[in-house]
Amino acid sequence: MRRRRTLPHFSFTPGDRATANLSSPPARGRGSAVGRRLLTGAVAAGTLCAGLSAVPAAAAPANPVVSRGVTIPAFYTPPAELPSGNGALIRNEPLPLGLSIPGLDGRPMPGTATRLMYKSTDSAGQPVAVTGAYIEPSAAWKGTGPRPLVAVASGTMGQGDQCAPSFALQNPLTLTGDTVSVGYEALAIYRILATGAAVVVTDYVGLGATDRLHTYVNRLDQAHALLDAARAARAVPGASITPASRVGLYGYSQGGGASAAAAELQPSYAPDIQVAGTYAGAPPADLTAVMKGIDGSALAGALAWSISGFTQADPDLRAVIDANISATGKAALADASTMCVGDALFGYGFTKSSKWTTSGKSIGDIIAAEPRAKAALAKQRIGTLKPAGPVRLATGTQDDIVPHTQARQLAVDWCKKGANVTYDAIVLPNLGNKILTNHLVPLITDQGDAVSWLTDRLSGKPATSNCWSMPIQP
């Protein structure tokens, strides 16, 4: 069954998150559209049986979901029942790419896109509907074997449904009086498509799909959603990939954590996926360290997203947060939960979490003093398992948002487990403390090398680990 999107025990519910006016006006949220996340209208999609591959998009709910003035298409409303198989395609429809040109042969460049909804399993072991997109490239694959597939995990987009990566492919720039979202992952996606590899993009759990809050940086949710996107891509009508196609995992920042976690969990969760290589850029492997990096930074709103997502999924962390967050903090969490990155930069940039707590202590300090909360975050640690296949891990040495030291430690942890790791420390000057530049510039400067490395893996070329060099690497 669908789940109601909740932030349990807080002083607001998903239906009135936007009207928690303790520190922000209702207009900053989603207006009076009380049915926006609660799915108050009947969903026209019928009951899905296991093995049913796809159904048409649902009819529009009686009260369409409106997120910060943006009406979310009815496609993103999950049906009442889900198929049993992970990666089973629930529905699909054509997806017009916002950045596309006609090719000389009449086919659109860089490819033809399909919007997806597929079934996955969340961190509590429950079925969940996830949305995303598949893009069939116009370019021919010139490597060995059948056309490969790259499963792309997007970097941080936000927590509002209007921020979903698949939505951004159609709307590269969403700019209204209430929200700002930029589809910056298009550059990497289009570079991958130019190699002739197909691409599938996941929206993650609860980002796009309107039945729950996005579980931001949740290790299991993200890994499952990415691996199941690769499974779902096989069932897309007209897709040229096959079960024999090599699969690459690609992500930076939030996406780097998702691809890293997926590489670790693939052997147990998705042994049918043939992972040829994984790129994990600036992965948030240790959330305790990452929280400290984000707190008070330009992207402080991301701290609210992680807290809201984890309190939805973990009762231990929820109890600690509920006991320590002030009325102002609860209103901030409610407000931020509908934001994209642009909104968060303007609304909560450089905010310190101590302003959101009853004690005046930072959220990081509160969690550090609570064994239950510490244990909840410890379960999110990436690096406790050996990843499948070769991995390229890149991190900027000046990164102070997703701290360099914890990303480097992930490479060390994997090397100790005998993994095939290509570690690349991106050495740049300090480009400004806590203003995102130290985190974002490596995304661009390393992108060409990342795509090239992954393309070699998809072509069947072996990767040589440089774990031996870790003692002398920055």
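A few comments on the model shown:
- Scanning the range 133-171 for residues that are out of contact with any strand residue (DSSP E or B) (no Cβ under 8 Å at 6 or more places or on another chain) and hydroxyl-bearing (Ser, Thr, Tyr) yields Thr144, Thr156.
Conditions tested, residue by residue: (1) under 18 Å from Ala153 (Cα atoms); (2) at pLDDT 95 or above; (3) in contact with a strand residue (DSSP E or B) (Cβ under 6 Å, 6 or more places away or on another chain).
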residue: Leu220; (1), (2), (3): yes, yes, no
residue: Ala244; (1), (2), (3): no, no, no
residue: Gly251; (1), (2), (3): yes, yes, yes
residue: Gln254; (1), (2), (3): yes, yes, no
residue: Gly257; (1), (2), (3): yes, yes, no
residue: Ala263; (1), (2), (3): yes, yes, yes
residue: Ser268; (1), (2), (3): no, yes, no
residue: Pro271; (1), (2), (3): no, yes, no
residue: Leu303; (1), (2), (3): no, yes, no
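- Answer residue from the range 337-366, given it is of a type in the set (A, V, I, L, M) and open to solvent by less than 10 Å² (accessible area, probe 1.4 Å) and is farthest from the chain's Cα centre (by Cα) among those: Ile363
- Of the residues Arg115, Arg107, the single one that is open to solvent by less than 20 Å² (accessible area, probe 1.4 Å) and of a type in the set (Lys, Arg) is Arg115.
- Taking the criterion of being within 17 Å of Asp400 (Cβ to Cβ) and open to solvent by 40 Å² or more (accessible area, probe 1.4 Å), the residues of the range 422-443 that qualify are Val427, Leu428, Pro429, Asn430, Leu431, Asn433, Lys434, Ile435, Thr437, Leu440, Val441.
- Test for Thr395: is it more than 17 Å from Asp295 (Cα to Cα) and among the β-branched types (Val, Ile, Thr): yes
- Any hit, the range 313-335, residues being under 20 Å from Pro284 (Cβ atoms) and at pLDDT 95 or above: yes
- Qualifying residue in the range 279-291 (condition: within 24 Å of Asp365 (Cβ to Cβ), out of contact with any Gly (no Cβ under 9 Å at 6 or more places or on another chain) and polar (S, T, N, Q)): no
- Residue match in the range 130-141 (condition: crowded, with 24+ Cβ neighbours inside 10 Å, in a loop (DSSP other than H, G, I, E, B) and of a type in the set (Val, Ile, Thr)): no
- Here Ala419 meets the list (1) open to solvent by 20 Å² or more (accessible area, probe 1.4 Å); (2) of a type outside the set (Phe, Trp, Tyr); (3) not in a helix (DSSP H, G or I) almost entirely, failing just condition (1).
- Members of the range 279-322 found to be touching a helix residue (DSSP H, G or I) at 6+ places or on another chain (Cβ under 7 Å) and at positive phi, listed by number: Ala282
- Residue in the range 219-237 that is open to solvent by 10 Å² or more (accessible area, probe 1.4 Å) and of a type in the set (Asp, Glu) present: no
- For Asp322: the one exception among (1) open to solvent by less than 10 Å² (accessible area, probe 1.4 Å); (2) assigned to a helix (DSSP H, G or I): (1)
- Selected residue (criterion: nearest to Pro371 (Cα to Cα)) from residues of the range 272-313 that are among the β-branched types (Val, Ile, Thr) and not in a helix (DSSP H, G or I): Thr278
- Scanning the range 282-310 for residues that are touching a Pro at 6+ places or on another chain (Cβ under 7 Å) and surrounded by 21 or more Cβ atoms within 10 Å (Cβ to Cβ) yields Ala282, Val290, Gly293.
- Complete set of residues in the range 186-215 that are among the hydroxyl-bearing types (Ser, Thr, Tyr) and open to solvent by 10 Å² or more (accessible area, probe 1.4 Å): Tyr190, Thr195
- Phe346 over 23 Å from Gly256 (Cα atoms), part of a helix (DSSP H, G or I) and among the aromatic types (Phe, Trp, Tyr): yes
- Residue check, Thr395 surrounded by fewer than 18 Cβ atoms within 10 Å (Cβ to Cβ), at pLDDT 95 or above and either more than 13 Å from Met470 (Cα to Cα) or within 21 Å of the chain's Cα centre (by Cα) (or both): no
The values are calculated or read from the model by the stated rules, or taken from the named source; none is laboratory data. All values derive from a computational prediction rather than experimental measurement. Positions of Cβ are generated from backbone atoms using ideal geometry, with glycine treated the same way; all protein chains shown enter the neighbour counts. Heads up: the accessible areas ignore ligands, DNA and RNA and are worked out on the full protein's heavy atoms, side chains in. Shrake-Rupley method; radii C 1.70, N 1.55, O 1.52, S 1.80 Å.
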